[in-house]
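Visitor: Attaching a single structure in structure tokens format; questions to follow.
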Amino acid sequence: MNTDATNYLVIGAGITGWSVAQYLHAQNKSFRIMDTRDIPPYAAQLKKMLAKQNICFGRLNQEWMNKADVIVLSPGVSPQTPELKAAGANGVEIIGDVELFARRTQKPYIAITGSNGKSTVTMLVTAILNSQGIVAKAGGNIGTPALSLLDDEDSDMFVLELSSFQLETSTSLQAVAATVLNISADHLDRHENFEQYARIKYSIYENAGRKVFLRNAQNSNHDGISFGLDEPAKHDYGIQNMGAERWLVCGRKKLIKSSELPLLGTIGELNVLAAFALCRDYIHDQAAALSAIRNFKGLPHRCELVVEHENVQWVDDSKGTNIGATVAAVQSFDQSQILIVGGIHKGGSLKPLEQIVDKKVRVVIAYGQDKEIFVNALQRFSEVQTAESLENVVQIAAERVKPGEVVLFSPACASFDMFADYQERGKAFQRAVKRVLQKGKRVN
């Protein structure tokens, strides 16, 4: 490991690359920066910071890569590109911003990954820690880049959401607690196969002080603590039905009623259980922790209740951008559902979705670039209709839904065929729902 390197090359001039540049500049390190885009997002700021000869935009400069001591790679750039593999073969160390963070920080941090739910759990953990008088700041794959967290000298600890892209260039993580919330096929356009993707995710446990597992997802003979939707063992977290009440528990100790949670469905239960498990060593005021949970608002577009109208729940899960996320969302509701899917399919088998649609979904509405993939896969298991626009989707759902059902917008796809990102897509869905319901289009 070349910890004394003075010749850094930063690849990527987006928000992560800019945070790396600011960090290296503050450390008086010698570095260059490049980006394949002609005008990357932080081009203007970097041109003020660096001399012209240390900036290369619009292409990858193989000579710079080969001469670097350390390449700091932004998450959006694959280390498997031929140019980077060639540099690696020449002995250049290739790392990411999270690796720099891990090498530098002296403060404790909790690390969270998973195919789905990691943003919600990251913010839940942060809220619980803050309720205990601990100044905790969240970042990484959500909000503030990891290195920028180091600028906050008042923080007691950090909570990191980490993607597979960040984990594959990190080797020095030593989290005080870490979890893989779940694993389902995702980013197979980037990773070689599902097995490689899973290995990268599970690397978060290396050198972790406390390992938190989803029960039954890994070997039951784990050396950490688990969470799940069944009754747990003595020190684990789970669900216990007590008469008419459903409780979140640790062993036999009651934590909070499921009906008190601000998060919808079993997804909400699992997220809260994981957060409790990760914070186990830091909770000294149980009442304050429970208050933080009750007051948690949830994240926009993650199983977010848009409106409950005439005994129908309209739910925005636009953040469900892969099959696993949508399966988890459908599983969260006991009611019959109308499921809205579509966009750009990211790969992976639809079989898990077929199985849950067969059990819980009365009508599927497919739209967007890859809607026919869903039509072909799901028409044997449910009534399937197609739509050309989001407004049209909502109109069809309003005409077909029955009282007591859930209309779940969980696309299982990327949004880029029609929207800039999942946030824009979610906002468009919410606007369409409100317009259609205000026009009185809903017919039972």
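Visitor: Nearest 5 is fine: what % of DSSP beta bridges in the range 304-438 come out antiparallel, could you say? Can you show the working numbers first?
Guide: Working: 6 of 24 bridges.
Close to 25 percent.
Visitor: Would you please give the residues with an amide H less than 5 Å from that of VAL312, counting only those at least 5 places away or on a separate chain, with H modeled from the backbone geometry?
Guide: The answer is GLY404.
Visitor: Right, something else. From the Cα gyration tensor of the range 7-96, with a ≥ b ≥ c the square roots of its eigenvalues, which class applies: rounded if a/c is under 1.5, or else prolate if a/b is larger than b/c, or else oblate? Write out the running numbers ahead of the final one.
Guide: On the way: a/c = 1.62, a/b = 1.35, b/c = 1.20.
The shape class here is prolate.
Visitor: Pull out a ≥ b ≥ c, the square roots of the eigenvalues of the alpha-carbon gyration tensor of the chain, then state rounded if a/c is under 1.5, prolate if not and a/b is larger than b/c, and oblate in the remaining case. Intermediate values should be presented prior to the final figure.
Guide: On the way: a/c = 1.99, a/b = 1.35, b/c = 1.47.
In terms of gyration-tensor shape, oblate.
Visitor: Per 0.36 nm of contour for each residue apart, how much would the distance between ALA420 and GLU83 grow if the chain were fully extended, relative to their Cα-Cα spacing? Let's see the in-between values first.
Guide: Details: separation 337, 0.36 × 337 = 121.32 nm, distance 2.89 nm.
Once the chain is fully extended between ALA420 and GLU83, it gains 118.4 nm.
Visitor: Using DSSP to define loop residues, name the trypsin sites (Lys or Arg not before Pro) in the range 252-325 whose beta-carbon has at most 16 other beta-carbon atoms within 10 Å. If you can, show how the numbers build up before the last one.
Guide: Details: sites: ARG252, LYS253, LYS254, LYS257, ARG280, ARG294, LYS297, ARG302, LYS319; in loops: ARG252, LYS297, ARG302, LYS319.
In loop regions of the range 252-325 (DSSP not H, G, I, E or B), the sparsely surrounded trypsin sites (Lys or Arg not before Pro) are ARG252, LYS297.
Visitor: Starting from the coordinates of the alpha-carbon atoms of the range 105-294, obtain the Kirkwood hydrodynamic radius over all distinct pairs and give the value in Å to one decimal. It would help to have the intermediate numbers written out before the result.
Guide: Values: mean 1/r = 0.0595 Å⁻¹.
Result for the range 105-294 stands at 16.8 Å.
Visitor: Which value in nm describes the separation of the simple spin-label points at SER349 and GLU245, placed 7 Å from the Cα toward the beta carbon?
Guide: 4.2
Visitor: Ok, one more. What FRET efficiency comes out for ILE55 versus SER30 if R0 is 22 angstrom and r is the Cβ-Cβ distance? Round to the nearest 0.05. Could the numbers behind the result be given before it?
Guide: Numbers: r = 14 Å, r/R0 = 0.62.
Rounded to the nearest 0.05, the efficiency is 0.95.
Visitor: Follow-up question, since we're still on this one. By how many nm would the segment from ASN207 to GLN174 lengthen if fully extended, with 0.36 nm per residue of separation less the alpha-carbon distance?
Guide: On the way: separation 33, 0.36 × 33 = 11.88 nm, distance 0.51 nm.
My answer for the length gained is 11.4 nm.
Visitor: Sticking with the crude label model, points 7 Å out along Cα→Cβ, report the distance from ASP281 to ASP38 in nm, one decimal please.
Guide: Placing both labels 7 Å along Cα→Cβ, they lie 5.2 nm apart.
Visitor: By how many nm would the segment from ALA288 to ASP151 grow when fully extended, if each residue of separation counts as 0.36 nm and the alpha-carbon distance is taken off? Don't jump to the answer; show the numbers that get you there.
Guide: Numbers: separation 137, 0.36 × 137 = 49.32 nm, distance 2.79 nm.
My answer for the length gained is 46.5 nm.
Visitor: Something else about it: Given the options GLY238, GLY117, GLY91, which has the most mean-square fluctuation in a GNM of the chain, springs set between C-alpha atoms less than 10 angstrom apart?
Guide: GLY91
Each reported figure results from applying straightforward, stated rules to the coordinates on display, with no laboratory input. Given the structure is predicted, the values throughout are model-derived calculations rather than measurements. Note that each Cβ is placed from the backbone with ideal geometry, even for glycine, and that neighbours are counted across all protein chains shown.
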